[in-house]
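First the structure, in the form of C-alpha coordinates, and then the observations on it.
The values are calculated or read from the model by the stated rules, or taken from the named source; none is laboratory data. Values in this document were obtained by computation on a predicted structure and should not be read as measured data. Cβ sites come from the backbone with ideal geometry, for glycine too, and all protein chains shown count toward neighbours. Please note that ligands, DNA and RNA were not included when accessible areas were found on the heavy atoms of the full protein model with its side chains. Shrake-Rupley method; radii C 1.70, N 1.55, O 1.52, S 1.80 Å.
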Amino acid sequence: MAVDRPTANGDALREGDLAARELADALKLAGITLPSLRGDFPTVTDQPLVHLGGASAALVRELAAWIRQRA
(Lines give C-alpha, C1' and ligand atoms only; values in the text may rest on other atoms or scores of the structure.)
Protein backbone atom coordinates (compact mmCIF):
# COMPACT_ATOMS: atom_id res chain seq x y z
CA MET A 1 0.00 0.00 0.00
CA ALA A 2 3.01 2.32 0.01
CA VAL A 3 2.16 3.08 -3.61
CA ASP A 4 -1.11 4.77 -2.49
CA ARG A 5 0.60 7.00 0.08
CA PRO A 6 1.87 9.75 -2.29
CA THR A 7 -1.63 10.14 -3.73
CA ALA A 8 -3.16 10.19 -0.25
CA ASN A 9 -0.61 12.79 0.84
CA GLY A 10 -1.29 14.84 -2.28
CA ASP A 11 -5.04 14.69 -1.67
CA ALA A 12 -4.55 15.67 1.97
CA LEU A 13 -2.26 18.55 0.97
CA ARG A 14 -4.85 19.81 -1.52
CA GLU A 15 -7.56 19.56 1.16
CA GLY A 16 -5.33 21.48 3.59
CA ASP A 17 -4.72 24.16 0.95
CA LEU A 18 -8.46 24.51 0.33
CA ALA A 19 -9.16 24.81 4.05
CA ALA A 20 -6.38 27.40 4.39
CA ARG A 21 -7.88 29.45 1.55
CA GLU A 22 -11.33 29.29 3.14
CA LEU A 23 -9.91 30.53 6.45
CA ALA A 24 -7.87 33.23 4.71
CA ASP A 25 -11.01 34.46 2.92
CA ALA A 26 -12.99 34.51 6.17
CA LEU A 27 -10.22 36.30 8.08
CA LYS A 28 -9.89 38.84 5.27
CA LEU A 29 -13.50 39.88 5.93
CA ALA A 30 -12.37 40.75 9.46
CA GLY A 31 -9.31 42.62 8.17
CA ILE A 32 -6.90 39.93 9.41
CA THR A 33 -4.20 38.28 7.30
CA LEU A 34 -2.05 35.39 8.51
CA PRO A 35 1.03 35.65 6.27
CA SER A 36 2.06 31.98 6.42
CA LEU A 37 -1.39 30.38 6.24
CA ARG A 38 -1.16 27.36 3.91
CA GLY A 39 -1.94 23.69 3.59
CA ASP A 40 0.69 21.34 4.96
CA PHE A 41 1.66 17.72 4.41
CA PRO A 42 -0.06 15.25 6.71
CA THR A 43 1.93 13.63 9.48
CA VAL A 44 1.32 10.34 11.24
CA THR A 45 -2.49 10.53 10.98
CA ASP A 46 -2.62 11.20 7.20
CA GLN A 47 -5.20 13.91 7.97
CA PRO A 48 -5.18 17.19 6.02
CA LEU A 49 -3.34 19.90 7.94
CA VAL A 50 -3.21 23.68 7.81
CA HIS A 51 -0.04 25.54 8.81
CA LEU A 52 -1.07 28.63 10.80
CA GLY A 53 2.39 29.79 11.91
CA GLY A 54 4.38 32.84 10.98
CA ALA A 55 2.09 35.51 12.43
CA SER A 56 3.40 38.23 14.71
CA ALA A 57 2.40 38.18 18.38
CA ALA A 58 0.43 41.39 17.84
CA LEU A 59 -1.55 39.84 15.00
CA VAL A 60 -2.29 36.70 17.01
CA ARG A 61 -3.53 38.84 19.91
CA GLU A 62 -5.73 40.79 17.48
CA LEU A 63 -7.18 37.54 16.19
CA ALA A 64 -7.74 36.25 19.73
CA ALA A 65 -9.53 39.46 20.70
CA TRP A 66 -11.71 39.28 17.57
CA ILE A 67 -12.68 35.69 18.38
CA ARG A 68 -13.41 36.53 22.04
CA GLN A 69 -15.71 39.38 21.03
CA ARG A 70 -17.77 37.01 18.94
CA ALA A 71 -17.75 33.93 21.18
Quiz item: What are the residue pairs meeting all of these: first residue in region 17-42, first residue open to solvent by 30 Å² or more (accessible area, probe 1.4 Å) and of a type in the set (D, E, K, R), second residue at pLDDT 90 or above and in a helix (DSSP H, G or I), Cβ atoms under 8 Å, and 6 or more apart or on different chains?
Solution: 38/16; 38/17; 38/20; 40/16
Quiz item: Any chance region 47-58 includes a residue that's free of Cβ contacts under 8 Å to residues at least 12 places away in the same chain and assigned to a helix (DSSP H, G or I)?
Solution: yes
